[in-house]
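To start, the structure under review is shown below, and the notes come after it.
The values are calculated or read from the model by the stated rules, or taken from the named source; none is laboratory data. It should be emphasised that the depicted structure is a prediction, and the values quoted were computed from it without experimental measurement. Ideal geometry is used to build each Cβ from the backbone, glycine not excepted, and the neighbour counts take in all protein chains shown. Side chains included, ligands, DNA and RNA excluded: accessible areas come from the protein's heavy atoms. Shrake-Rupley method; radii C 1.70, N 1.55, O 1.52, S 1.80 Å.
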Number of protein chains: 2
Amino acid sequence: VPDHAVATAYRLTTEAKLKRFAGATLAAVGVEVADAAIAADVLVAADLRGIESHGVARLARDSIARLRDGTLAATPDVRTVRETPTSLVLDAGNGLGHPVATRAMKAVIAKADLMGTAFGAVRGSNHFGIAGYYAMLALEHDMIGIASTNAVRSAAPTFGRDVMVGTNPWAYAVPAMHEPAFVLDFATTAVSRGTLEARERARVPLEPGWALDTNGAQTLRATEALTGALVPLGGLGMDNGGHKGYGLGMLADIMCAVLAGGTFGTDVPLAGETRGGAISHFFGAIKIDALRDLAAFKADMDAELRAFKDSAKAPGVERIYVAGEIEYEKTLAYRRDGVPVHLSVWNELEKLSAELAIPFELAR
Amino acid sequence: VPDHAVATAYRLTTEAKLKRFAGATLAAVGVEVADAAIAADVLVAADLRGIESHGVARLARDSIARLRDGTLAATPDVRTVRETPTSLVLDAGNGLGHPVATRAMKAVIAKADLMGTAFGAVRGSNHFGIAGYYAMLALEHDMIGIASTNAVRSAAPTFGRDVMVGTNPWAYAVPAMHEPAFVLDFATTAVSRGTLEARERARVPLEPGWALDTNGAQTLRATEALTGALVPLGGLGMDNGGHKGYGLGMLADIMCAVLAGGTFGTDVPLAGETRGGAISHFFGAIKIDALRDLAAFKADMDAELRAFKDSAKAPGVERIYVAGEIEYEKTLAYRRDGVPVHLSVWNELEKLSAELAIPFELAR
């Protein structure tokens, strides 16, 4: 966030204050304190990584409003659907995605610790924040973490015009020794709806390969795109690999929802629909020492990460990043200098504090 | 392949004849018959799926020439480096990639059958053909198959100009009931070097977002691109998600080579270098009934695949495909009508038959 933008459009808070506030609001609408704390941790992790679209910007509209109107269950009946020593399927009972996803990923990690590897899926859930959060839970256990989720439908398949699939992200976290972990966390669309909305606010045209209008033709107008469809990673058609992004998005729907026995395909709500319990997640963990000596692996990971970062830059470029590095550096900076919260979100939170009678003590 | 092209630039053969010929040539240069048959099966599977760049076009130059000059070991000493009930690491001893990859994937499937899921990696290997072949081995076992490999370096990272990473594909195969399986098998670059070579032969400019010249600037000239670098899936920079393709390519290098203790990063040979034993692979299998009732899963997979195929088409488009469908239909057509082999490859094979004193009986 540039300095002048912080001065005008952002307010600064701290990680602790933001977590405390988010947790208190969730508890105030009936979420158990432990679950509320987990959800707050996930939401604020997104803000700390600079992924504002998945942070506390989601708190008022996505979580609190839906918990209050009963679209989401505040105290869900989470059930184990199937379990083996290397696998787990949970039904989230239409609760918040974050607590059940954390529970599932932790169970997968515990199983992988005993068995070498394990997988889990969750159905009947809701938005769970950033997929990278769950993949990263594996890091301190010296495992490779994998996480995915389907999401409200927002994108068309390659050659299609119907909105069939969400931004359906995949996340992979791999530990290193001295270098920050490799954390790849990406939507399988070229861009997110948040990017379209930002362009609409800024009155800047879209880039080619981002979105379709309602007729299935490419549009550079954000307003048209927001009622149309996102385009898969790789762009329109197959020339630049759009079928690869489409395939990865559909793979997420399969691995999360079809594998968990959840809501898949066109039964997944459209962006803007508020139906609850229709989102599914997928988690995996692979213990590194099941395949290689841990210290040797981590030392080689450092070498691998440094080789890419130290390689020659394209003309006019100052730095090459590895996956997760930009987000890692933002976390360090925001912990040091304060966490920026967009003024519009800040005002939403202040309104929420009044509604729920929770003190608004976010200022840094 | 259009009819007129078949008539001029292609000759037709059959699956059985092509496999027999490829296997005989490999056996003639010292590969054990069982291994030669596996390599032939993998190569011809690529031709059957319409992926000519990975089929028998590779036989003379990539396999036979390198086996004859000793760059590759004809009878490699394949060693088990590490093994647990859910994991396996093999050292390929610088043999052909196809037999050791098949052995590793079959072992992973056997472990997953007992344990629910398993993973394996192979180091010290060479080109293994199409990743999808190994992922698809899981299908008849009612498992989800995963395969990846690193590859000779051909692409620059996002914001970079050094050639740091290969086309490093990922493949996922998921069984359905009546529908053909979902088989996603994709290079993590926007296009392959083969696509650049085809454009060079046809004297057609490249598309934006495909390749860089040696200075790290985008080029639309195939000749410049072939001495430059490929661009990751998602294109140049981060605007259209190029960092996602870059991340997926680097992830393959990590999951294959770093995890197996193989050759990674800048130690991987450049495209055109012939150093052997420097390629690594990664395999995984997830047993479906560890997570969900198999029949219910397969029925839902049919519904999922049909929903995408039946969705509304973009203007001027006749069909929407799901991953692997184009390749599946080519296989059916080529089994019925004959397998097309490009005239240049046909001539290479005929030359090979003379050199190795193997009857050239490919004509359909």
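Give, rounded to the nearest 20 debye, the magnitude of the charge dipole that chain A has about its Cα centre when Lys and Arg contribute +1 at Cβ and Asp and Glu contribute -1 at Cβ.
360
Summing +1 for each Lys or Arg and -1 for each Asp or Glu, what net charge is found among the other residues whose Cβ lies under 11 Å from the Cβ of B:Lys111?
Once positives and negatives cancel, what remains is 0.
Under a Cβ-only charge scheme (Lys and Arg +1, Asp and Glu -1), can you give me the dipole magnitude of the protein assembly as shown about the Cα centre, in debye to the nearest 20?
That gives the protein assembly as shown a dipole magnitude of about 240 debye.
List, shortest first and in nm to one decimal, how far the label point of B:Arg335 (7 Å from Cα along Cα→Cβ) is from its counterparts in the other copies.
Distances to the matching label points in the other copies: 5.7 nm.
Run through region B:201-279 and list the trypsin sites (Lys or Arg not before Pro) located in a DSSP loop whose Cβ has at most 11 other Cβ atoms within 10 Å. Kindly include the intermediate steps, with their values, before the conclusion.
Values: sites: B:Arg201, B:Arg203, B:Arg221, B:Lys244, B:Arg275; in loops: B:Arg203, B:Arg221, B:Arg275.
Qualifying residues, ordered by number: B:Arg203.
Which of A:Trp210, B:Asn347, A:Leu233 sits closest to the plus end of the dipole of the protein assembly as shown, meaning its Cα is farthest towards the positive end, when Lys and Arg get +1 and Asp and Glu get -1 on the C-beta?
Of the listed residues, the answer is A:Trp210.
Using +1 at the Cβ of each Lys and Arg and -1 at the Cβ of each Asp and Glu in chain B, identify which of B:Gly338, B:Thr223, B:Thr80 lies farthest towards the dipole's positive end.
Looking along the dipole axis, the top candidate is B:Thr223.
Please give me the summed charge of the neighbours of A:Glu200: other residues whose Cβ is under 11 Å from its Cβ, Lys and Arg +1, Asp and Glu -1.
Result for the neighbourhood of A:Glu200: +3.
Going by a ≥ b ≥ c, the root eigenvalues of the Cα gyration tensor, does region B:273-331 fall in the rounded group (a/c under 1.5), the prolate group (a/b larger than b/c) or the oblate group? Walk me through the intermediate numbers first.
On the way: a/c = 3.50, a/b = 1.29, b/c = 2.72.
Because a/c hits 1.5 or more and a/b fails to exceed b/c, region B:273-331 counts as oblate.
Sum -39500 (n - 2.57) across every DSSP H segment of at least 4 residues in chain B, then divide by the residue count to get the 222 nm mean residue ellipticity, nearest 500. Don't skip to the end; give the middle numbers.
Values: 12 runs with 137 residues, N = 364.
Computed ellipticity for chain B at 222 nm equals -11500 deg cm²/dmol.
More than 23 Å apart: what percent of Cα pairs in region A:164-289 qualify?
More than 23 Å apart: 41 percent of the Cα pairs in region A:164-289.
Take each complete run of DSSP H in chain B, measure how far its Cα atoms stretch along the helix's own axis, and keep only those covering 20 Å or more with mean Kyte-Doolittle hydropathy at least 0.0; list them.
B:33-48, B:97-115, B:294-309
Send over the per residue convex hull volume for the protein assembly as shown, Cα only, as a whole number of Å³.
On the way: hull volume 103.1 nm³, N = 728.
For the protein assembly as shown, the hull spanned by Cα atoms encloses 142 Å³ per residue.
Suppose we flag GluC sites (Glu not before Pro) only when DSSP calls them loop and at most 15 other Cβ atoms lie within 10 Å. Which is the longest uninterrupted stretch of chain B?
With a cap of 15 other Cβ atoms within 10 Å, the longest stretch comes to B:33-272.
Using unit Cβ charges (K, R positive; D, E negative) and no other charged atoms, how large, in debye to the nearest 20, is the dipole of region B:288-364 about its Cα centre?
So the dipole magnitude of region B:288-364 works out to roughly 200 debye.
For A:Arg61, place a label point 7 Å out from Cα along the Cα→Cβ vector, do the same in each other copy, and report the separations in nm, one decimal, smallest first.
Result, one decimal in nm: 5.3.
Does any residue of region B:234-275 lose at least 40 Å² of accessible area with all protein chains in place compared with its chain alone, and if so which ones (probe 1.4 Å)?
B:Asp239, B:Asn240, B:Lys244, B:Tyr246, B:Leu248, B:Met250, B:Leu251, B:Ile254, B:Met255, B:Val258, B:Leu259, B:Phe264
List the aspartates and glutamates whose alpha-carbon lies under 12 Å from that of A:Lys244, not counting same-chain residues fewer than 8 positions away?
B:Asp185
Relative contact order (percent) for region A:119-239, with alpha-carbon contacts under 8 angstrom and 6 or more residues of separation?
After rounding, I find 22 percent.
Give me the Kirkwood hydrodynamic radius of region B:204-271 in Å, from all C-alpha pairs, to one decimal place?
Taking every pair of different Cα atoms in region B:204-271, averaging 1/r and inverting gives 13.0 Å.
At a 1.4 Å probe, what is the % contribution of carbon and sulfur to the accessible area of chain A?
About 51 percent, which is the carbon plus sulfur part of the accessible surface.
Note the buried accessible area between B and A here, summed over both chains, with a 1.4 Å probe, in Å² to the nearest 100.
6900
Can you give the local net charge around B:Leu291? Use residues other than it whose beta-carbon is closer than 10 angstrom to its beta-carbon, Lys and Arg +1, Asp and Glu -1.
Neighbourhood net charge equals 0.
Could you give, in nm with one decimal, how far A:Ala296 is from each other copy of that position, shortest first, with labels 7 Å out from Cα toward Cβ?
Distances to the matching label points in the other copies: 4.4 nm.
Hey, which aspartates and glutamates would be in cross-link range of B:Lys309, C-alpha to C-alpha under 17 Å, not counting anything within fewer than 8 residues on its own chain?
A:Asp162, A:Asp253, A:Asp267, B:Glu179, B:Asp300, B:Glu318, B:Glu325, B:Glu327, B:Glu329
For chain B, what relative contact order do you get, as a whole percent, if you take Cα pairs closer than 8 Å and at least 6 residues apart?
That works out to 22 percent.
From the square roots a ≥ b ≥ c of the eigenvalues of the alpha-carbon gyration tensor of chain A, which class results: rounded (a/c under 1.5), prolate (a/b over b/c), or oblate? Write down the numbers at each step before the final one.
Numbers: a/c = 1.11, a/b = 1.04, b/c = 1.07.
Since a/c stays below 1.5, the shape of chain A is classed as rounded.
Which order do A:His281, B:His141, B:His178 take when ranked by solvent-accessible area (1.4 Å probe, heavy atoms of all protein chains), largest first?
Result, largest first: B:His178, B:His141, A:His281.
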